Amino acid sequence: MRHPDFKHKTTKSALWLDSKYKPSWVDAELAAMAPGTVQESNVVSWNTRLARHVKAGQNEKTMELFRQMQQEGITPDAFTFVQILNACANSQALDEGRRIHAWTIQSGYESNVFISCSLVNMYAKCGRDKDAQKEFDKIWTHYVMYWSAMIPGHMECVEGQKGLEPSQQVQCEAMQPDPGIFVAVLNACASVVALEEGRCVHEHIIQSGLGSNVVVNNSLIDMYVKCGSIDNAWGVFNQMPTQDVVSWNAMILGHVKCGQGQKALALYGEMQREGVQPDPYTFVGVLSACASVEALEEGRHIHEQIIQCGCESNVFLGNSLIDMYAKCRSMEDAGRVFGMMHTRNIVAWTAMILGHVKCGEGHKALALSHQMQQEGVRPDPVNFVAVLNACASVGALEEGRYVHKQIIQSGFESDFFVGSGLIDMYSKCGSIEDAQRVFNSMPKHDAVCWTAMLGGYAMHGHAKQALKHFKQMCDEGVEINNVTFVSLLSACSHAGLVDEGVHYFGSMSSVYRISPTVEHYVCMVDLLGRAGRLQEAEDLINTISCEPNAAVWMALLGACRVHGNVEMGERIAKRVLELDPQSEAGYVLLSNIYAAADKWDLSANVQQQRLERGVKKQTGCTWIEVNNEVHTFRLDDQEHPQLSEIHAELERLYRQMNHIGYVPDTKFVLHDVDEEEKVFHLSHHSEKLAIAFGLLNTPAGTPLHIFKNLQVCGDCHTATKFIAKIARREIIVRDVNRIHHFKDGLCSCRDYWQ
Ligand SMILES: [Zn+2]
Ligand SMILES: [Zn+2]
């Protein structure tokens, strides 16, 4: 790219305070910029266009315009740089941002406050916290100088900071406090979450007599919200003489960020009663509030308001609407908005893909990502991770590998977020080796990558490796959070390491100061229950201070089934069905408990109750990916074209299995039929159909990856051990709880799984 010459560089611009340069976010001041010379007027008109595109979120368009500007030989000024840096920040274009940074220094703008603030914002948005902090420290030094020059004597807040010499103080006579400076510095404080410095600026604002300036107050609210201090934000909001739409927006968004979606919606109601007209930013805020609390009806109502306001073609709002509908699990509505969008940017595609994953429609998500690439939309890191989630959800390992290649080609492979997405995808698709390879190839890891790897070990039942990995995390000072503990405890639970699990659970609050959540209790009940310590598990549930949910009782109910405890099972099932009357698994487990105890009447009663209450039974299905195509099987499938070959293969396998000691486990076949029919029924379970299909359609020796939407059944688990031995194949089965690795007649779970 050709650099324009810097002849127009003025000595004046070396001064930090250059009154000509206004911050981009004070729109009113934009209009006040009067054109001067021809060159200047050119820059100003270019800048106005740039600002318009940045504001509309059209980052690529902004960059294109900037290139055109250079081709026409127009020298960018400070305002241009501010716009470009904002575009870089919004699109997280770090390399471009760094290049602009170097350019601003060359152009003599090193100490321009507005550029420095944009740099802080750019580095923070690109995740370069250290660079952002470095720039912020520079701003703060200059700000201290500015303030001490402005009102000598008012040094209480800034005194002693950064050790300024008196000679360094800016020579400034009769300087008026500039709201723009406060706004810029508050923005920088918000970017690096510098609450103390922000409070200090707040004091200065009051001392300067700007305490009732709406723009300044809105920046204060924004700063407090972004620093997580919603109380202080309320303080500013309440003392404002009049609040405008920007003030309300900041408060609404603040509550959404604190996870108080309901409160945000209530604020929106209040805002309307006060007669303040919402703008597109308000809608973005309330839509994300709806999304966070899954308030579909409220979301639909806001959609209507958006149409009434005539701003439904706004790209931001389109994306927010898709996100809201997707998070409220209404993919039909989301698809309708998506279909009507004029320009679908990467954010819209990503929201659609994630929505399908959330609704359990991983294949639709993958189809959409193919369509996206066909339409020439290039994936960004967030999109890649969404597609990896889709692969993980359906176990599309081959597709996942292909996405991995694309990630390497795009140069995103050392991105923490992408790395943890890859680790998660490979683990869930059954290849812990690939997950480990990704982890080891990353030059650095953040806490999320470490935890993703730990989750992989847990899912695969590699408890020893999980414990070693956890120890390494502690040694390297990685932040241990509650997600880490969920993985650690489930690793212990899957491997039956009861003492270790109890020990780590105890250390959570005593050593790591993390209070256990319901998820941790589920792991612990699972751990104790599987080990047969049912009473201990029940006692633990009774110690939970908040109301235990159905999931906790369900874990105990599962244990009652494994250990055949009918009395406790009845009692616990009652609790589960009280808390969640639509719990299909609750009915199924209880009827299984009765069946196993030969109480067939009671078992049938429970099934009858389930039907009467309209609780549908989820049908089990198993799928396998062969040659990039997914084949799905259901119980006693009649549709697959290769069905007769599959049945013949199963018959052949059964003959060999019977020969080496396989005994069908008909315990859980809840049909009132004779034994022979039960065995026939078992042999047509979807797991077995998928395995036979895999054996027929892949070269000898290739591992088979099988996925089941429910827990694998006991008979299929036993049969798979035999099949793995006879066919000399590794068979990796992922069910709803964990991953089983069958090899040479054994399973990695060592049969400790039910
Ligand atoms: Zn089965
Ligand atoms: Zn197993």
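Is the C-alpha gyration tensor of the stretch 439-511 telling us rounded, prolate or oblate? Criteria: a/c under 1.5 is rounded; beyond that, a/b larger than b/c is prolate, otherwise oblate. Oblate. Shape verdict for the stretch 572-623, please, from the Cα gyration tensor: rounded (a/c under 1.5), prolate (a/b greater than b/c) or oblate. Cα axes put the stretch 572-623 in the oblate bin.
Across the stretch 484-627, the volume of the C-alpha convex hull divided among the residues equals 141 Å³ per residue. Listed from fewest to most Cβ neighbours within 10 Å, the set Val630, Val215 follows the order Val630, Val215.
Each of Tyr224, Tyr521 has some number of other Cβ atoms within 10 Å of its Cβ, and from fewest to most they run Tyr521, Tyr224.
The distance linking the stretch 687-743 with the stretch 192-238 is 60 Å (Cα centroid to Cα centroid, whole angstrom). Going down the table (Lys130/Lys471; Lys574/Lys616; Lys428/Lys616), which pairs top 29 Å between alpha carbons? Violating the 29 Å limit, Cα to Cα: no pairs.
The convex hull defined by the C-alpha atoms of the stretch 508-559 has an orientation-averaged projected area of 3.5 nm².
Taking other C-beta atoms within 10 angstrom as a stand-in for reagent exposure, Ser148, Ser45, Ser219 fall in the order Ser45, Ser148, Ser219, fewest first. One way to sum up the overall shape of the stretch 606-719 is the equivalent ellipsoid from its Cα gyration tensor, whose semi-axes run 25, 19, 12 Å, largest first. Shown here are the Rg and Dmax of the Cα trace of the chain, at 31.0, 101 Å.
Read-outs throughout are calculated quantities, based only on the coordinates presented, and are distinct from any laboratory measurement. Treat the numbers as computed from the prediction; the structure is a model and nothing was measured. When we count neighbours, we look across all protein chains shown, and the Cβ atoms used for this are built from the backbone with ideal geometry, even at glycine.
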